[in-house]
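A short worksheet on the structure shown next.
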Amino acid sequence: MHEQRIISQVVDAATLAGATKKIIVEVGELSTITPLHLKEHLAGRVDWEVETRFKKARVKCACKYKGVPEILEEGHDFILFRCPVCKGKPRVIEGGEIKIIGVE
């Protein structure tokens, strides 16, 4: 189950960063888990307050397009997107990661 791997990585990283009371996690639009899902899973594993923030995706394509991707399909453990201009495969600039942005 990919969620458990993600949750374990977040918990391990937050623990190393010194989390004891609260964790703030930024969840990218193109990551394979939603902010709500991540928050629910983390709340079941830790005693910290868990705050999640959504990060909108931005991509850059060979056709020179830079902006929001066209999301074609989302499923369990995958997201399919493309350039809305040329329909090619763009490079993710932001919004593809899960980041710890704060701990207390």
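The values are calculated or read from the model by the stated rules, or taken from the named source; none is laboratory data. Treat the numbers as computed from the prediction; the structure is a model and nothing was measured. Neighbour counts run over all protein chains shown; Cβ positions are idealised from the backbone, glycine included.
Here are the numbers for the structure shown:
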item: Among (1) without any contact (Cβ under 8 Å) to a residue 24 or more places away in the chain; (2) over 14 Å from Arg91 (Cα atoms), the one test that Val68 misses; result: (2)
item: Top-ranked residue in the range 63-92 [being assigned to a strand (DSSP E or B) and in contact with a Ser or Thr (Cβ under 8 Å, 6 or more places away or on another chain); ranked as surrounded by the fewest Cβ atoms within 10 Å (Cβ to Cβ)]; result: Phe78
item: Residue within the range 2-14 that is assigned to a strand (DSSP E or B) and either surrounded by 12 or more Cβ atoms within 10 Å (Cβ to Cβ) or at pLDDT below 95 (or both) present; result: no
item: Selected residue [at pLDDT 95 or above and within 19 Å of Gln9 (Cα to Cα)] from Arg82, Arg53, Arg45, Arg58; result: Arg53
item: Pair list, Cβ under 8 Å, 6 or more apart: the range 19-38 residue touching a residue at least 24 places away in the same chain (Cβ under 8 Å) and among the acidic types (Asp, Glu), other residue part of a loop (DSSP other than H, G, I, E, B) and loosely packed, with under 15 Cβ neighbours inside 10 Å; result: Glu26/Glu97; Glu29/Lys56
item: Output for the range 41-62, where each listed residue is surrounded by fewer than 12 Cβ atoms within 10 Å (Cβ to Cβ) and farther than 18 Å from Ser31 by Cα; result: Gly44, Asp47, Ala62
item: Test set (1) part of a loop (DSSP other than H, G, I, E, B); (2) touching a helix residue (DSSP H, G or I) at 6+ places or on another chain (Cβ under 8 Å); (3) of a type outside the set (Phe, Trp, Tyr) - Ile100 fails condition number; result: (1)
item: Verdict on Val27 being exposed (fewer than 15 other Cβ atoms within 10 Å of the Cβ), on the phi < 0 side of the Ramachandran plot and modelled with pLDDT of 95 or more; result: no
